[in-house]
Amino acid sequence: MTDTNTMLDLITQETARILAEKGEAALPVTADTAFLDGPLPFDSLDLATLIVALEGITGKDPFRAGFRQFNTAGELAALYAAA
Amino acid sequence: MSRTVIVTGGSRGLGLAITRALLEAGYAVATCSRHPGDDLPPLLAAYPDRLFWQQADIGVAASSQAFIDGAVQRFGAPWALINNAGIAREGILATLPLVEVDDLIQTNLTGAIQVARAALRHMLSRPGGGRIINISSIIGQRGYTGLAAYAATKAGLDGLTRALAREVGRRRITVNSVAPGYLDTEMSGTLSGGQREQIVRRTPLGRLGTADDVVPAILFLLGDGAHFITGQTLTIDGGITC
Ligand SMILES: NC(=O)c1ccc[n+]([C@@H]2O[C@H](COP(=O)([O-])OP(=O)(O)OC[C@H]3O[C@@H](n4cnc5c(N)ncnc54)[C@H](OP(=O)(O)O)[C@@H]3O)[C@@H](O)[C@H]2O)c1
């Protein structure tokens, strides 16, 4: 089982990698950080890239049965922890 | 390192011609079909380092996913995808068996969307843009008696092209359709002599097309010179729709 904190660390790491690939400066990501419409220079394609990367690393797909609402890094971590 | 292009349906017809041309142009090619056919095995022997084939039925999600996984394992994230595999089923719609309608939609449309989805998951993580080319058909634009369900799948592919072009443009991935007219391949083998004559009569350039008439457009769209062209349908039909 992956716990929420481990997932959050992974999400932080992968988010930083995606931002770096876009040439954006790294920004701190906490459980409360919103992916879209917040300070993070992230768009919907970046979010899709993050989710594909997380699935590749964890082998989990919390969205297999359909989309589940989340806004923040903490909420996404919880979805993976529960999957 | 060579750029990798995934081509569905590379065992014969247009897909085989595209595969051959891409190999000659220096690309690595990952292709699939339900059967290897006669012409692909010698090509696999000639290009062991740059050609990969896997048996797959793109109408079955698990099978197309396994093909994309195999291709990525072999060559890494692809530069481009050419959604070429397709089938034709002819018949007046009122009497076309529903199983054939399902087959057409599952292979030509759902299959192509699934392959694009699976490939994009890797293309998005690859910096530097990319290309998706959907092989549609003039039948999807103009229609033809006996090909209503086929036409619907091809018009659907053109819709996929336009929507996806908007979705992935920010990553410098272009998405275009190439719409051939009547090509002299196994697929058009069911045309009667009369139908062929009529097509030739109505074609300003006076003949059916060949796979080799389409290949240069594919090479162009894959190339760096086409980096600002997206969401378009390029018709290659000797002028029959003009
Ligand atoms: N021929 C024409 O006049 C014409 C005109 C306009 C557009 N097009 C389009 O051009 C594309 C190529 O046509 P073509 O004339 O080259 O046809 P073709 O000679 O019949 O070749 C079709 C290729 O697709 C493969 N294929 C078919 N169903 C598949 C499946 N479910 N899963 C995996 N591979 C599959 C075939 O191999 P297997 O059978 O072994 O699977 C073969 O390699 C098609 O999308 C077609 O709609 C053709």
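In this structure, is B:T230 in contact with a helix residue (DSSP H, G or I) (Cβ under 6 Å, 6 or more places away or on another chain), more than 12 Å from the ligand (Cβ to nearest atom), at pLDDT 95 or above and more than 14 Å from chain A (Cβ to nearest Cβ)?
yes
Sort out which residues of region A:53-69 are within 12 Å of chain B (Cβ to nearest Cβ), in contact with a helix residue (DSSP H, G or I) (Cβ under 7 Å, 6 or more places away or on another chain) and surrounded by 16 or more Cβ atoms within 10 Å (Cβ to Cβ), and write them in order of number.
A:A53, A:L54
Looking at region B:1-26 only, could you name the residues that are modelled with pLDDT of 95 or more, closer than 16 Å to B:V72 by Cβ and surrounded by fewer than 23 Cβ atoms within 10 Å (Cβ to Cβ)?
Answer for region B:1-26, where residues must be modelled with pLDDT of 95 or more, closer than 16 Å to B:V72 by Cβ and surrounded by fewer than 23 Cβ atoms within 10 Å (Cβ to Cβ): just B:R3.
Has region B:181-191 got any residue that is surrounded by 17 or more Cβ atoms within 10 Å (Cβ to Cβ), within 14 Å of chain A (Cβ to nearest Cβ), part of a strand (DSSP E or B) and not hydroxyl-bearing (S, T, Y)?
No - not one qualifying residue is present in region B:181-191.
Which condition number does A:D32 fail, the rest of (1) surrounded by 13 or more Cβ atoms within 10 Å (Cβ to Cβ); (2) touching a residue at least 40 places away in the same chain (Cβ under 8 Å); (3) of a type outside the set (V, I, T); (4) away from chain B (no Cβ under 14 Å) being met?
A:D32 satisfies all of (1) surrounded by 13 or more Cβ atoms within 10 Å (Cβ to Cβ); (2) touching a residue at least 40 places away in the same chain (Cβ under 8 Å); (3) of a type outside the set (V, I, T); (4) away from chain B (no Cβ under 14 Å) except (1).
The values are calculated or read from the model by the stated rules, or taken from the named source; none is laboratory data. Please read all numbers here as calculations on a predicted model, not as lab measurements. With ideal geometry, Cβ positions are generated from the backbone for all residues, glycine too; neighbour counts draw on all protein chains shown.
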